[in-house]
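The structure under discussion appears below in the form of structure tokens.
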Amino acid sequence: MKVFVNCSNHPSLKWSAAQRTAAENYGKIVDVPFPAVACDLTDTQLENLAERVTAEILSQKPSAVMCMGEFVVCFRIVQKLKAKGIKVLASCSERRAIEHVGQDGTVRKETVFIFQGFREY
């Protein structure tokens, strides 16, 4: 069975139907949460974290992985997966910002992201 790993902070159950359908073209969706990355981690700790997450992803035997999160750890994970011949993707979305102005002049900004597809790293 083909597996699509979602390694991000956005659980697939909250994705739009379009994003789920696009991911399912690669296989059954399995969520591997992207870890919280503390600002004070050493380079060795960052590498160990990337190794641990990569091992967890590889244990799912993915045909493709969407990897999105803190840039440095994400970059390291992507490098490790690509070295193993795994297709690694990022989601691509259109961002629409809508401003709501209240009668009292307060402004509330709402941002809507509309999934447009996946891009390969």
Take the solvent-accessible surface of the protein heavy atoms, probe 1.4 Å, and return the percent of it on region 1-103 that carbon and sulfur atoms account for.
54 percent
For the chain, what number of Lys pairs, 8 or more residues apart or on separate chains, have alpha-carbon atoms under 15 Å from each other?
9
Rounded to the nearest 0.05, what FRET efficiency do Ala18 and Lys82 give with R0 = 30 Å and r taken as the Cβ-Cβ distance? Could you check?
0.70
accessible surface per residue for region 16-55, probe 1.4 Å, DNA/RNA/ligands not counted, whole Å² -> 59 Å²
Roughly what angle does helix 43-58 make with the longest principal axis of the chain, taking Cα atoms, 0 to 90 degrees, to the nearest 10?
80 degrees
Please compute the contact order of region 1-98 in relative form: average sequence separation of alpha-carbon pairs under 8 Å and at least six residues apart, divided by the residue count, as a percent.
33 percent
Potential lengthening between Asn25 and Arg95 on full extension [0.36 nm per residue; Cα-Cα distance subtracted]
22.8 nm
Among Lys109, Lys84, Lys61, which one shows the highest mean-square fluctuation when the chain is modelled as a Gaussian network with alpha-carbon springs under 10 Å?
Lys109
According to a simple spin-label model (label point 7 Å from Cα along Cα-to-Cβ), what is the distance in nm between Arg108 and Gln45?
3.8 nm
Computed over the chain: longest principal axis from alpha-carbon atoms vs helix 71-83 long axis, angle to nearest 10 degrees, is 40 degrees
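The values are calculated or read from the model by the stated rules, or taken from the named source; none is laboratory data. Since the model is a prediction, treat every value here as computed from it, not as a measurement. Neighbour counts are summed over all protein chains in view; Cβ atoms, including those assigned to glycine, are modelled from backbone coordinates with ideal geometry. Side chains included, ligands, DNA and RNA excluded: accessible areas come from the protein's heavy atoms. Shrake-Rupley method; radii C 1.70, N 1.55, O 1.52, S 1.80 Å.
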